[in-house]
Every structure is written in structure tokens, then in C-alpha cells.
1. Hey, can you find the accessible area per residue of segment 157-223 for me, probe 1.4 Å, expressed in square angstrom?
2. Could you compute how fast segment 23-80 diffuses translationally, taking Rh as the Kirkwood radius over C-alpha pairs and applying Stokes-Einstein at 37 °C with viscosity 0.692 mPa s? Give it in µm² per second.
3. Give the Rg (one decimal place) followed by the Dmax (whole number) of segment 191-251, computed from C-alpha coordinates and expressed in Å.
4. Residue by residue through segment 310-316, what is 3J(HN,Hα) from phi via Karplus (6.51 cos²θ - 1.76 cosθ + 1.60, θ = phi - 60°)? Round to whole Hz and write x for glycine and proline.
5. Show me, for segment 26-41, the HN-Hα J-couplings you get by feeding each phi into the Karplus relation (A = 6.51, B = -1.76, C = 1.60, θ = phi - 60°), rounded to Hz, glycine and proline as x.
6. In whole Hz, with x marking every Gly and Pro, tabulate ³J(HN,Hα) for segment 14-20 from phi via Karplus 6.51 cos²θ - 1.76 cosθ + 1.60, θ = phi - 60°.
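The values are calculated or read from the model by the stated rules, or taken from the named source; none is laboratory data. As the structure is a prediction and not an experimental result, all values here were calculated from the model. The area values use the complete protein model at the heavy-atom level, side chains included, leaving out ligands, DNA and RNA. Shrake-Rupley method; radii C 1.70, N 1.55, O 1.52, S 1.80 Å.
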Amino acid sequence: MFNKSISLPFYVKFALVLIGLMALGFLIILGKELLDPLLFGFLFAILLLPLSNFFEQKCKMPRSMAAFAAILLMVLFITGVMYLVGTQITNLAHDWPLLKEQISKSAVDVQLWIQRTFHINAEKQMVYVNDTADKIVASGTSVLGTTFGAVSSLLLFYIFIILFTFLILLYRRLLFRFILFVFDEEATPVVHTIVENVQRILRQYIVGLLLEMVIVAILTCVAFWIIGVKYAILLGIITALFNIIPYVGIFSALLLSTLITFATGAITKAIIVAIVVVAIHAIDANVVLPMVVGSKVRLNALITFIGIVLGEMLWGLSGMFLSIPVIAIFKIIFDHVGPLRPWGYLLGGDYEYERKAKEEMKTE
């Protein structure tokens, strides 16, 4: 007598969905300190799972030791990249007197241009500059304390990521069995398919991003070296690292590369650097990204951009990076659950249908 389904009007369902999304957003903001490193640990655990399985099965290591060895290799790789960037930044610090002289000269040129263009004499400009400098000096102590606190929080954040990665690798079978116990036995094949697809697609996506980063770094370093940019390796690595963040990262890399080049050379070289960065981004977006990453995570541009904006609003920079993998996980779940397939189509668009049509044409 209680099996009779209740049909609700569309506006009631839509209102319930909106309320659920708002409640979910509030919980996500409230649980940022826990969920942020947990999601990063989940992604790193998926990436390191084949390596951990290799140590466990082929090298006959205990699971805890295999997980520790996989994480240690990851930490050594990240440390190597940071050491390479650090050495380049050290070289930049050694040339600080030259940079300071170039910046002073550029400031004088900008001052003269402002005086000719806006008819503001140099005295008024210097009064404004001095007032701004006094305010910066007055707030120097608080800025230093804030910076120290930010660095401490960042180190603690990295430690939590490593711990979560290790624990997820260690208890991965327990977590998988828990997911199976949550659903009915009839849903077991679907759960297996979703879990396997999430692991495969996210792993291929992360590896593709790393490979894309290496290709962009090589292209940028070679291009800057040909142009004659002084810190070609540093700017190439920075451009490749920033390029991981879709849409937004390229503008940050463009601004930073142009400013450093302008401070160490002529303005014409800075303009050339800006053109090169835009050209490499165009090559990356139209050639490298489809070739390397391919159709691993097929999300349409509108959903991707909205996800990045929402991620930045919720969690800042880490939210921008995590937005695409999270949306990809939701798309995989939506595609395998009947009532949610329209939402999966909304996230991906016509990519899946075009791919299936091409596969059917090949089989025929």
C-alpha cells in the first residue's frame, strides 16, 4: 500500500534540486579544510595506484610499504621540479641590481609618458608614489605575518595531502567494499563499471596533463631561448605550470613573462614574448591538448568555464584545479544512471554521441 509513487510537478522538483545544490555548496565551503586535501589525496592515490600495485605484486612489498614507496617517488619528482625552479629564481635574485636599474629606467620612461599624455607633472606623480610607498611600509609587519602564516598553512596542506594519499592507497579495498555495501546487489555491476571508469579516465587525464605540461615547457623554453630571453628556462616552466589551470592560467603566465622580460630587456622583446606565449597557447589548445589528453574528459567549454568560476568562488586556486576532475566524476556517474543521463549529456554535449557514431561507422 506504500509502493504508490508520487508524481511531483516540475517546479517542485526544480526547487528541491536548487535547495539541494545550495545545501551542498554550503557544506563544501564549510568542509574546505578537510575536503580540499582529501580530494587532492584521492587524485594522487588514483595516479599512484598502478605503481603501488607494482611494488605490492611484483616486488612482494607489504601494502603499507608499497604505498609509501610510490608516494616517495612522487615527492622526489615534485622536489626535483621545485629545485629546478628554485635555482632559476636564485639566478634571478643574483641579478637583482640589474633588474632594479632596469625597473628604475622603465619607471622614468613611464613617468615621462604619463606627463606627456595626461599632463600630470612629475611632482604630483612622485607625491602619489611616496604616499603609496609609506602605506606599504606601514603595513609591512602585518603583510610579513600574513605571508608567514600562508606559508605555514601551505606546508600543512601538503602534509595532509600526503597523509590522505597514503591512507587511501592503504585502505582502498575497504573503501571499495563500503561503496558496494551502500548499494543493492543488483547495482554491483554498475558500481564496478563506474569505479573502473573513474580510475581509468582520471588517471589518463592527470597523466595527459603532466605530459602536456612537459611539452608546453619544452616549446616555451626553446622559443624563449631562440628569442634571447635571459630567464628562458624559468619562464618556460612557469608558463607550463600556469597552463594547467584552463583559461585563467595562460593570462597569469602571459603577464608574468611579459613583466620579467620587460624588466630585463627592451619593450620590443617583451611584446615578442607576449606574442610567443599566445601562439604556444593556441598550439597547445588546438594540437597538443586534443592529441595528448584527447577525449579522456569530454566536457563542453561552457560547463568547464562555469565549473572553474564556481571552484574559484568556493575554494580559490585549488578549486579551479579540482573543478574539472570533480565534474568528470559526476559525468561518469550520470552517464551510468538512467534518470541522470540527461545531466551527463548536458555536461558533455555531443562529444559522446559523435564518438559513438564514428565507432559505429568504423565497425560497419
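1. On a per-residue basis, segment 157-223 sits at 62 Å².
2. Rounded, D is 255 µm²/s.
3. 15.7, 55
4. Values per residue, Gly and Pro as x: 5, x, 5, 5, 7, 10, x Hz.
5. 5, 5, 5, 5, 5, x, 4, 4, 9, 6, 4, x, 5, 5, 5, x
6. Here the 3J(HN,Hα) series is 5, 5, 5, 5, 5, 5, x Hz.
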